[in-house]
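> This structure is in structure tokens; I'll ask about it shortly.
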Amino acid sequence: MQTMCMGFGCNAAGVVGCRIVDSPRERLIAILTNSLVPCNGRFPLLITLSAMFFTGTAAGILGSAASALLLTGFILLGVGMTFLASRLLSATILKGLPSSFILELPPYRRPQPCRILLRSLLDRTLFVLGRAVLSAAPAGVIIWLAANITITDASLLTHCAGFLAPFARLMGLDGVILIAFILGIPANEIVLPIILMAYLSTGSLVQAESLTSLHTLLAVNGWTPVTALCTMLFSLLHWPCATTLLTIKKETGSLKWTFVAFLLPTVLGCCTCFVVNGISKLLFHV
């Protein structure tokens, strides 16, 4: 539970925090499922879309309460998916007896602030930031090239979005949304700017001037409440960011488990969006 709570701040930090789990099997389960809880990078997208498409019509305290309630629901869904995935892993590829939980009080020692700060800075801050830079630099080049290389009067980004569109529509998304999640693997914060960049056909990442203008832009490009809901679900349940994947590789020392950590939330996210989109089509014929 402690490592899950750390994941709400940063999934990479949550993965590092799994070192406190004594059982190797349970430590691996905690690592593989940590990205199912939303980190700080995913909260802005969840809050923005919920305000624009679901709670924006309510004013004052009622609107704030509705937004908070909806966001809490998504957080609880992520926690529930973590328990479900942990149970699934325990029953399949990571079978084993659960270890007993023993809480021992450590011997009292005088706090050493300098040592604590130095260790936190080196082990939990600089290393994680170094992995983030390692993934962000090449990804930034790829995003710029995709937006600025033109083939037959359309950018490479547009062609990729068109290629992914048929599969994305099955999930209640469109090709632009899906390619934004793929290119946003360095950091979840850039998913929405990539969507705007593709819709506006700009050569660089942009931000919306206001929620009203953003809502208008998304609506013009075919967004409905179902699109927003599926985007929020896929934001909650999709592959970990590159920093988290590099951290998982370091902590497990295995490309196999890193791939499982990538595949597990991706399959859950795709299946959830398929089901929600299918139900919406049956109920509302959209």
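> Residue check, residue 200 against (1) within 23 Å of residue 47 (Cβ to Cβ); (2) at pLDDT 90 or above; (3) open to solvent by 50 Å² or more (accessible area, probe 1.4 Å), all met but one. Which one?
(2)
> Right, next: Identify, from the list 260, 275, 206, 226, the residue that is open to solvent by 40 Å² or more (accessible area, probe 1.4 Å) and of a type in the set (Val, Ile, Thr).
Only one candidate passes the filter, namely 275.
> Considering only residues of segment 9-41 that are open to solvent by 50 Å² or more (accessible area, probe 1.4 Å) and without any contact (Cβ under 8 Å) to a residue 40 or more places away in the chain, which is nearest to the chain's Cα centre (by Cα)?
40
> Still on this structure: So, in segment 179-193, exactly how many residues are surrounded by fewer than 23 Cβ atoms within 10 Å (Cβ to Cβ) and either assigned to a loop (DSSP other than H, G, I, E, B) or modelled with pLDDT of 95 or more (or both)?
3
> Sort out which residues of segment 152-188 are over 22 Å from residue 265 (Cα atoms) and among the acidic types (Asp, Glu), and write them in order of number.
153
> I'd like the full set of residues that are under 16 Å from residue 277 (Cα atoms), part of a helix (DSSP H, G or I) and of a type outside the set (Gly, Ala, Ser), limited to segment 210-235.
225, 226, 227, 229, 230, 231, 232, 233, 234
> Mind listing just one residue for me: the one in segment 43-95 that is at pLDDT 80 or above and not in a helix (DSSP H, G or I) and, of those, least open to solvent (accessible area, probe 1.4 Å)?
Among them, the one singled out is 94.
> Which of (1) within 20 Å of residue 181 (Cα to Cα); (2) at pLDDT below 85; (3) of a type in the set (S, T, N, Q) is the odd one out, the single condition residue 40 does not satisfy?
Condition not satisfied by residue 40: (2).
> A follow-up question, please. Which residues, counting only those in segment 238-257, are in a loop (DSSP other than H, G, I, E, B) and open to solvent by 30 Å² or more (accessible area, probe 1.4 Å)?
253
> Can you give me the number of residues within segment 256-271 that are without any contact (Cβ under 8 Å) to a residue 60 or more places away in the chain and under 20 Å from the mean Cα position of the chain (by Cα)?
Of the residues in segment 256-271, 8 are without any contact (Cβ under 8 Å) to a residue 60 or more places away in the chain and under 20 Å from the mean Cα position of the chain (by Cα).
The values are calculated or read from the model by the stated rules, or taken from the named source; none is laboratory data. Treat the numbers as computed from the prediction; the structure is a model and nothing was measured. Cβ sites come from the backbone with ideal geometry, for glycine too, and all protein chains shown count toward neighbours. Just so you know, the surface numbers come from the protein's heavy atoms only, side chains and all, with ligands and any DNA or RNA stripped out. Shrake-Rupley method; radii C 1.70, N 1.55, O 1.52, S 1.80 Å.
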